Amino acid sequence: SPEGVEYLLLTPDRCLIFPSVDYMRNLVTKHSIKQAVPVVIDCSHIYGADFTAAKVIECLTHDFSLRKQPLFFYNLKPSVVAIFKGLQPKGFVVFQSESELDDLIKGNIKNLAESQQELSIINVGTG
């Protein structure tokens, strides 16, 4: 990012419908686990999605949430956002401008560091 924060950028090149969305989920998961950095999915080329895609995105955001790894969706069309939000996926974050990216990533990294610090304090106190 312009501020020097590392992240993984993935750019799907078509609509998110079955079965391509399952393929995309596998690729995102594979690369995100290897890199362990925030992940940004550039949705500039995504003009449509179906219910299956929404379910897959719900699972994907849940997986990232469990790993405490930030996942952001960039430039997602409002019609597609509406489909995804219908399922209320946990950790679903959409942004529309690159200037928001640094703030989102830095904010999530700060929150993660604070939660890890809280956990280490709890572990020290109970040990």
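Observations, loosely collected:
- Considering residues of the stretch 1-50 that are of a type in the set (Gly, Ala, Ser) and assigned to a loop (DSSP other than H, G, I, E, B) only, the residue farthest from Val93 (Cα to Cα): Gly4
- Among the residues making up the stretch 52-75, those that are open to solvent by less than 30 Å² (accessible area, probe 1.4 Å) and closer than 22 Å to Val5 by Cα are Thr61, Phe64, Gln69, Pro70, Leu71, Phe72, Phe73.
- Taking every residue in the stretch 69-81 that is farther than 11 Å from Ile41 by Cα and pairing it with any residue that is acidic (Asp, Glu) and surrounded by fewer than 21 Cβ atoms within 10 Å (Cβ to Cβ), at least 6 positions away or on another chain, the pairs with Cβ-Cβ distances below 9 Å are Gln69/Asp63.
- Residues in the stretch 12-51 that are open to solvent by less than 80 Å² (accessible area, probe 1.4 Å) and of a type in the set (D, E, K, R) were compared, and the one that is nearest to His62 (Cα to Cα) is Arg25.
- Residues within the stretch 1-11 that are at pLDDT below 80 and open to solvent by less than 80 Å² (accessible area, probe 1.4 Å), tallied: 3
The values are calculated or read from the model by the stated rules, or taken from the named source; none is laboratory data. Keep in mind that what you see is a predicted model, and the values were worked out from it rather than measured. Note: ideal-geometry Cβ built from the backbone for every residue, glycine included; neighbour counts use all protein chains shown. Protein only, heavy atoms only, side chains kept; ligands, DNA and RNA dropped before computing areas. Shrake-Rupley method; radii C 1.70, N 1.55, O 1.52, S 1.80 Å.
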